[in-house]
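Worksheet: the structure to be examined is printed underneath.
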């Protein structure tokens, strides 16, 4: 068994791992977070059933809390369809795909963070602690921080995101030429639709938009993605997720004649934009340092699996630690995660292609494919089942 674990990063991946360790009475760990502890601006996050299932291992039936919002349908529409009831809409029922009936949830990211942080004391999680160097000395890793302090461990877990400081290698970060636009409409009531259990995907050429409610107070999250000719380069400490973007310019970018989407766009007044990056390669381990979440496999977020993959990583790593896999932990972890992560990334890139088609013929074919999936239970299972029904506790999963 490891004597001491340091987790770098107090986000979803790091906190999920720490929660499972503590639940299993492994208490000799510390979490170091680069930034201050504070609530971020409200922003939506999707928790698909594969993530909900693992969080349910942590706290059974947690999703009954009213702060988590249940999704039952996926609606796909072209941005430029004038009528919401037009034949161009594809509506997929997501309720019967999941074998154990785990729900598809949305929430404010702050709610999820509060849920994951609630069990930790100031002696377990430390803020404003930025890693600047890691030094391996036999089986011990010495971790140095920007404030001059140091700590030691025999297992270092890097969970500090795409721009990981503990990975000490940001040459693998690449620009995707996509930009994300995000915001939340507070207390939004539509004149045209009373549905609040639907994720709506709006498609239009080199851009797409996703909208969904995140609570029972009718707060609506929107996320737009557009391909840009702007050249974006990564510079340390310069990536911000709170850069305001002119609302009128966003409305022009996603101009529509569809009454429901136009109503949403006309209501918003705050939009934030940032460039999307990904990693050129996946990094799972280096000696007795393990990478989880975006620090390991950050990719384009077009399958709503960013948080889910981080939660999966954390649970799988936790299982190996508790099983006392100390020798070749990285190899065991790699063998259990690489294939799944690669498949999700491939699906995300396929969605990039499908969502941003411009050729009318291929758009027509896409519509036929979506309609087949909509009408066929087997097709929906093939499309979503392998993602949603993933269960790391299944008998054939572990060696």
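The values are calculated or read from the model by the stated rules, or taken from the named source; none is laboratory data. Here the structure is a predicted model, which is why all the values come from computation and not from measurement. Methodologically, a virtual Cβ is constructed for each residue, glycine included, from the backbone with ideal geometry; neighbour enumeration extends over all protein chains shown.
Summary table below
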read-out: Scope region 241-259; condition in contact with a strand residue (DSSP E or B) (Cβ under 8 Å, 6 or more places away or on another chain), modelled with pLDDT under 90 and within 15 Å of residue 78 (Cβ to Cβ); matching residues; value: 256, 258
read-out: Unmet criterion (only one of (1) in contact (Cβ under 8 Å) with a residue 12 or more places away in the chain; (2) closer than 28 Å to residue 180 by Cβ; (3) surrounded by fewer than 22 Cβ atoms within 10 Å (Cβ to Cβ); (4) more than 19 Å from the chain's Cα centre (by Cα)) for residue 30; value: (2)
read-out: Test: residue in region 47-58 that is surrounded by 22 or more Cβ atoms within 10 Å (Cβ to Cβ), part of a strand (DSSP E or B) and modelled with pLDDT of 95 or more; value: yes
read-out: Within region 277-358, helices (runs of 4 or more DSSP H) holding 1 or more residues that are surrounded by fewer than 21 Cβ atoms within 10 Å (Cβ to Cβ) and at pLDDT below 95; value: 306-322, 329-355
read-out: Strands (runs of 3 or more DSSP E) completely within region 70-164 that count 1 or more residues being more than 22 Å from the chain's Cα centre (by Cα) and more than 30 Å from residue 354 (Cβ to Cβ); value: 131-137, 140-145, 150-153, 155-158
read-out: Lone qualifier among 64, 58, 47 - being more than 18 Å from residue 157 (Cα to Cα) and under 15 Å from the mean Cα position of the chain (by Cα); value: 47
read-out: Filtered residue count, region 88-110, keeping only those that are surrounded by fewer than 18 Cβ atoms within 10 Å (Cβ to Cβ) and touching a residue at least 40 places away in the same chain (Cβ under 8 Å); value: 6
read-out: So residue 170, is it in contact (Cβ under 8 Å) with a residue 24 or more places away in the chain, under 25 Å from residue 109 (Cβ atoms) and surrounded by fewer than 19 Cβ atoms within 10 Å (Cβ to Cβ); value: yes
read-out: Residue in region 330-344 that is closer than 22 Å to residue 109 by Cα, in contact (Cβ under 8 Å) with a residue 24 or more places away in the chain and touching a helix residue (DSSP H, G or I) at 6+ places or on another chain (Cβ under 8 Å) present; value: yes
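Conditions tested, residue by residue: (1) in contact with a strand residue (DSSP E or B) (Cβ under 7 Å, 6 or more places away or on another chain); (2) closer than 21 Å to residue 313 by Cα; (3) modelled with pLDDT of 95 or more.
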| residue | (1), (2), (3) |
| --- | --- |
| 8 | yes, yes, yes |
| 36 | no, no, no |
| 40 | no, no, no |
| 63 | yes, yes, no |
| 73 | yes, no, yes |
| 80 | yes, no, no |
| 93 | yes, no, no |
| 103 | yes, yes, yes |
